[in-house]
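The values are calculated or read from the model by the stated rules, or taken from the named source; none is laboratory data. Only a predicted model underlies this, so the values are computations on that prediction, with no experimental measurement involved. FYI the Cβ positions are ideal-geometry reconstructions off the backbone, even for glycines, and counts take in every protein chain you see. Side chains included, ligands, DNA and RNA excluded: accessible areas come from the protein's heavy atoms. Shrake-Rupley method; radii C 1.70, N 1.55, O 1.52, S 1.80 Å.
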Amino acid sequence: MIYFETGSAETALSADDLREGVFTALNNIGERQRVLAIPPDYTRLPSRCGELTEYCWEYLGSKLTDILPALGTHTPMTGTQIRHMFGQTPKDLFRVHDWRNDVITLGTVPAEFVKEASARACDFTWPAQVNKLLVESDFDLILSIGQVVPHEVVGMANYNKNVLVGTGGTEGIHKSHYIGAVYGMEKMMGRADTPVRRIFN
């Protein structure tokens, strides 16, 4: 289901264009009461995802109850970084992802599938792990906010990577990166059909 789309290779989107797109998409999704946003962290500052997150807050107001930057194993954002990236979005909405302790395993991808998906490069199980906030809180909408760009581990960033790596745990993050490295980054970069993306499905 596509809730909003616009642009082309020649299109430059203004702040007003982004706001209109976010508002239109959220309006088309329908009313929600408790929303979690998962944007990238400060290492993805140029993505404009901070603006997109701020527009989500403008539209949703108090219904946006939590913002969990997709840190993966990165250092938590500082207050200065949050203000710089997310503008007027209230700082008390932000949560810190603790990839060592605050993680729940949802299930496991069998070793046989990992072996097949990686062209026999790896032969181990892969755990689908997420921050416990996603499971233990009563959200009726989780927004994964990010740009789709070439990525050396997944092939194309965003998609399920924002959730399964950005809010993932030690084993899930390290194994996903290992699969990409062993399979060969040069065979993955900029491609949508890659072993890691297949495993994330």
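Separation of the stretch 39-106 from the stretch 116-166 is 16 Å, based on Cα centroids. The H on the amide N of residue 155, modeled in the peptide plane, is under 5 Å from the matching H of 190, each at least 5 residues off or on a different chain. Accessible surface calculations at 1.4 Å, restricted to protein heavy atoms, place the stretch 1-41 at 63 Å² per residue.
Tell me, rounded to the nearest percent, the portion of alpha carbon pairs in the chain spaced more than 22 Å apart.
Details: 10149 of 20100 pairs.
For the chain, the share of Cα pairs beyond 22 Å comes to 50 percent.
Within the accessible surface of the stretch 46-201, defined with a 1.4 Å probe on protein heavy atoms only, the carbon and sulfur portion equals 51 percent. Of the listed residues 132, 63, the order by accessible area with a 1.4 Å probe, largest first, is 132, 63.
An ellipsoid equivalent to the stretch 1-48, defined through the eigenvalues of its Cα gyration tensor, has semi-axes of 21, 18, 9 Å when rounded to whole angstrom and sorted largest first. Sparsely packed loop sites in the stretch 1-47 (the GluC sites (Glu not before Pro) outside DSSP H, G, I, E and B with at most 12 other Cβ atoms within 10 Å) comprise 5, 10, 31.
How many percent of the alpha carbon pairs in the stretch 1-114 exceed a separation of 16 Å? Summing the P(r) of the stretch 1-114 above 16 Å gives 66 percent of all pairs.
Rolling a 1.4 Å probe over the protein chains gives residue 59 an accessible area of about 90 Å².
Per residue, the accessible area of the stretch 58-201 comes to 49 Å², computed with a 1.4 Å probe over protein heavy atoms only. Computed over the stretch 57-149, the alpha-carbon pair-distance distribution with 10 angstrom bins reads 13, 35, 32, 14, 6, each value a whole percent. The Cα atoms of the stretch 126-201 give a gyration tensor whose axes a ≥ b ≥ c have a/c of 1.5 or more with a/b no greater than b/c, which makes the shape oblate.
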